[in-house]
Amino acid sequence: MRTTLKIDPVSLGALATGRSGVIASLELSSDERAWIEAMGLSPGREVTVLRRGVLGGPLHVRLDTGAEFAVDAELARRVVLAGEAQ
């Protein structure tokens, strides 16, 4: 199955629950980048938002590898997606 993307960039933090996108870049400090890439969130990976924490809490995400974990909402706003998967 081939994923089609919209061209407009969007942040992981702005992605709606249940939607997916492909990571284009990480606008993070070197320490944050090292941590998030160790978790598997790196450019080229597809990520899906499964749930959002209440009151701006963390996002529960799933990678195309099947890995699931929580990402701080503020940090998620600095993960830039190439666009939203259709």
>> Looking only at region 57-86, count every residue that is within 15 Å of Arg19 (Cβ to Cβ), surrounded by 13 or more Cβ atoms within 10 Å (Cβ to Cβ) and not β-branched (Val, Ile, Thr) and tell me the total.
In response: 11
>> Given the condition within 13 Å of Ala14 (Cβ to Cβ), charged (D, E, K, R) and surrounded by 16 or more Cβ atoms within 10 Å (Cβ to Cβ), answer yes or no: does some residue in region 47-56 qualify?
In response: yes
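Name the residues in region 73-86 that are part of a loop (DSSP other than H, G, I, E, B) and closer than 16 Å to Ser25 by Cα, would you?
Keep residues of region 73-86 that are part of a loop (DSSP other than H, G, I, E, B), which gives 77-78, 86.
Answer for region 73-86, where residues must be part of a loop (DSSP other than H, G, I, E, B) and closer than 16 Å to Ser25 by Cα: Arg77, Arg78.
FYI, it's all coordinate maths here, none of it is from the lab. Note that the structure is a prediction, hence the values are computed from the model and not measured. Neighbour counts run over all protein chains shown; Cβ positions are idealised from the backbone, glycine included.
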